[in-house]
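Comments concern the structure below.
The values are calculated or read from the model by the stated rules, or taken from the named source; none is laboratory data. Keep in mind that this is a model prediction, so the values were computed, not measured. No Cβ is skipped: glycine too gets one built from the backbone with ideal geometry, and neighbour counts run over all protein chains shown.
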Amino acid sequence: MSSSTQDPTNTTENSSSVENEAAAEFTEEATEATEATEETEDSTNDEINETSVESEEESAESESEELPDLEDVIKERNQLRTQIEELQGRLYTISDAYQKKTTEVENTRKRLERMNEINQAQLRGKVVSSMFTPFENLKRSIDACAKGGVDEGLTGGLTMVKDEFWKAFEQLGLEEVPGAGSLFNPNIHEALTTMPVQDPIQNDTVVQVYSTGYRINDTVVRTAQVIVGKYYAPPKEEVTEEEVVSTETDEEVEVSEQPDSTGDDGNESGTV
């Protein structure tokens, strides 16, 4: 019984020695790991430094190789400038052609619109022209009734019909051309004859309308038949040389016959 029982002091010493040995082994392993790590870091740093140095050398070499010559740079710049000028010229040419084409299209559109207006006016003029003769006959009938003393009721009815005709003509754009007092225009007036006038202002003016003219816009449907005034200045009296000589002689005689007022006054004052 006593032989199997161990001394607690020995047991404690044994365990302490084991722990110390384990700690020593762990410390040695840690030291070795630290040294290995340091060696690895040093080698890594050396490799990094070598790589960076090599990279710097390679970049320097590449930069020295890639730097172009100044003449090449100038030549390339001139080529680019030439290309830019060519492109600008093409742009200006295209822009100018576009402006011309736009102007041409606009002028064509206006010309077509103008031609359409003229065609419409001519068409309306043909329609109105076919009714001119009845309309003029109606106006003459009204004038004849008024002069002949026909019943005013009948004359008034015919006048209303004439007014309705004229309103329809106005809706088609019909209007009378300028008549008496207007300046003669061969485009809208037809001169039947001329009439002498006393006032020079009435020269080449319409003094009388024989037949009224009509137009639709600028299209003349019928010219007005008119009488044009003409002013003729009175002839100037010609003075002959004999009349000029006689006039000068008369003036000299009148001057010689006038009394000398200065001499008379002197004589009177001396007598007194």
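Among the residues making up region 188-231, those that are touching a strand residue (DSSP E or B) at 6+ places or on another chain (Cβ under 6 Å) and part of a loop (DSSP other than H, G, I, E, B) are 188, 203, 212, 213, 223.
Within region 193-229, the set of residues being of a type in the set (A, V, I, L, M, F, W, C) and surrounded by 14 or more Cβ atoms within 10 Å (Cβ to Cβ) comprises 197, 206, 207, 209, 216, 220, 221, 224, 226, 227, 228. Reported count of residues in region 130-160, each being surrounded by 11 or more Cβ atoms within 10 Å (Cβ to Cβ) and more than 19 Å from residue 213 (Cβ to Cβ), is 13. Hey, any hits in region 236-244 for a residue that's over 30 Å from residue 132 (Cα atoms), among the polar types (S, T, N, Q) and at pLDDT below 90? Scanning region 236-244, I find at least one residue that is over 30 Å from residue 132 (Cα atoms), among the polar types (S, T, N, Q) and at pLDDT below 90, so the answer is yes. Within region 181-192, the set of residues being surrounded by 15 or more Cβ atoms within 10 Å (Cβ to Cβ) and small (Gly, Ala, Ser) comprises 182, 191. Residues being at pLDDT below 70, β-branched (Val, Ile, Thr) and assigned to a helix (DSSP H, G or I) are entirely absent from region 96-119. Residues in region 177-230 that are charged (D, E, K, R), free of Cβ contacts under 8 Å to residues at least 60 places away in the same chain and in contact with a Phe, Trp or Tyr (Cβ under 6 Å, 6 or more places away or on another chain): 204 only.
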